[in-house]
Amino acid sequence: MWFFGSKGASGFSARSTAEEVTHGVDGTGLTAIVTGASSGIGVETARVLALRGVHVVMAVRNTGSGAKVKEDIVNRVPGAKLDVMELDLSSMDSVRKFASDYKSSGRPLNLLINNAGIMACPFMLSKDNIELQFATNHIGHFLLTKLLLDTMKNTSRESKREGRIVNLSSEAHRYTYPEGVRFDKINDKSSYNSFRAYGQSKLCNVLHANELSKQLKEDGVNITANSLHPGAIMTNLPRYFNSYLAGAVGAVAKYVLKTVPQGAATTCYVALNPQVTGVTGEYFLDSNIAKPTSLAKNSELAKKVWDFSTKLTESQSGESSS
């Protein structure tokens, strides 16, 4: 991260932009969902995918903001194919409605970009009474992926093209609670630490992709699942920082932080670049394969997170366990 100019095996570096890592790639005929596509790197991800010919469905909490972003992208990329759909990842009902509406539309689905997230917020509960960062960053995306998986499998079979699921994690996955995931203390306000809770949710993003990758391989399905760190970017993600901290971050930002086009690069690389064909269950940084923590590579923990998340999403809906 600190050696900004050094290129990895892919030929790209922290300085590479989303346009550079997808240069020459033709995404015509592909359909993607990008969550959180109305702010930060989600906007640039949607724009660059659309620039490469991908039909992008912008899954956003505020459809008004989404419509403005769509209009702006279409003005910059004539012929861009974009749709805006409402999705609040902190609400399982909203996730279920989105998935149901998407499936009813009959659209195919080649790429699922689980991009949206919140960071280091004060202790709050979601509409489903789950700690908000865990609910939004992990559980919402876990459920969304689960509900859209059959659509992705059908699309992959019919189009004979590889499907790709991309989870935006963070290097913050290294700074979780000591035990990694506090299964019995997710909602424990007394021991809540906003940054460690963020790290916990980001660790779960990696573990989710790894376990999903394993299951897809076992099923013999032509769909990959990977996770990544987009880089430290000055977007509105740190909105809960106090003014002193925000000022301190701002003072050094231009020296160590990525621009938004650089921040969206790894996502677009993992989603579209042919170098990533067949690569699954990996963690990417600066458009190159990187090493996450040992906890993030722990297959038993990944299975435990999967089972815990399945139980949580099923108990909320009254479904029987499958």
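None of the figures in this text is laboratory data; all of them are computed from the coordinates on show. Since the structure is predicted, the reported quantities are computational estimates derived from the model, not experimental observations. FYI the Cβ positions are ideal-geometry reconstructions off the backbone, even for glycines, and counts take in every protein chain you see.
If you take the beta carbon distance between Lys217 and His23 as r and set R0 to 30 Å, what does 1/(1 + (r/R0)^6) give as a FRET efficiency, to the nearest 0.05?
It comes to 0.50.
Note the direction-averaged projected area, equal to a quarter of the hull surface, for the Cα convex hull of region 68-126, in nm².
Taking a quarter of the hull surface, the average projection is 5.8 nm².
Cα gyration tensor of region 173-233, axes a ≥ b ≥ c as square roots of the eigenvalues: rounded (a/c below 1.5), prolate (a/b > b/c) or oblate?
oblate
Can you tell me the length gained on complete extension of the stretch Leu257 to Lys185, counting 0.36 nm per residue apart and subtracting the Cα distance?
Contour length minus Cα-Cα distance gives 22.6 nm.
Before rounding to the nearest 500, sum -39500 (n - 2.57) across all DSSP H runs of length at least 4 in the chain and divide by the residue total; then give [θ] at 222 nm in deg cm²/dmol. Working shown, then result.
Values: 10 runs with 135 residues, N = 322.
Value at 222 nm, helices only: -13500 deg cm²/dmol.
Students often check this: by mean Cβ neighbours within 10 Å, which of 203-214, 287-298, 167-178 ranks highest, and how do the rest follow?
203-214, 167-178, 287-298
Which of the three applies to region 1-123, rounded, prolate or oblate, going by the alpha-carbon gyration tensor with a ≥ b ≥ c and a/c under 1.5 meaning rounded?
Numbers: a/c = 1.88, a/b = 1.31, b/c = 1.44.
Here region 1-123 falls in the oblate category.
Taking 0.36 nm per residue of sequence separation and subtracting the Cα-Cα distance, how much length would be gained by fully extending the chain between Phe123 and Arg161, in nm to one decimal? Can you show the working numbers first?
Working: separation 38, 0.36 × 38 = 13.68 nm, distance 4.23 nm.
Full extension from Phe123 to Arg161 adds 9.5 nm.
Express in nm, to one decimal, how much length is gained between Arg107 and Ala9 on full extension, taking 0.36 nm for each residue of separation and deducting their alpha carbon distance.
Result for the pair: 31.7 nm of gain on full extension.
If we sort 126-135, 71-80 on the protection proxy, mean other Cβ atoms within 10 Å, highest first, what's the order?
In descending order of packing, they fall as 126-135, 71-80.
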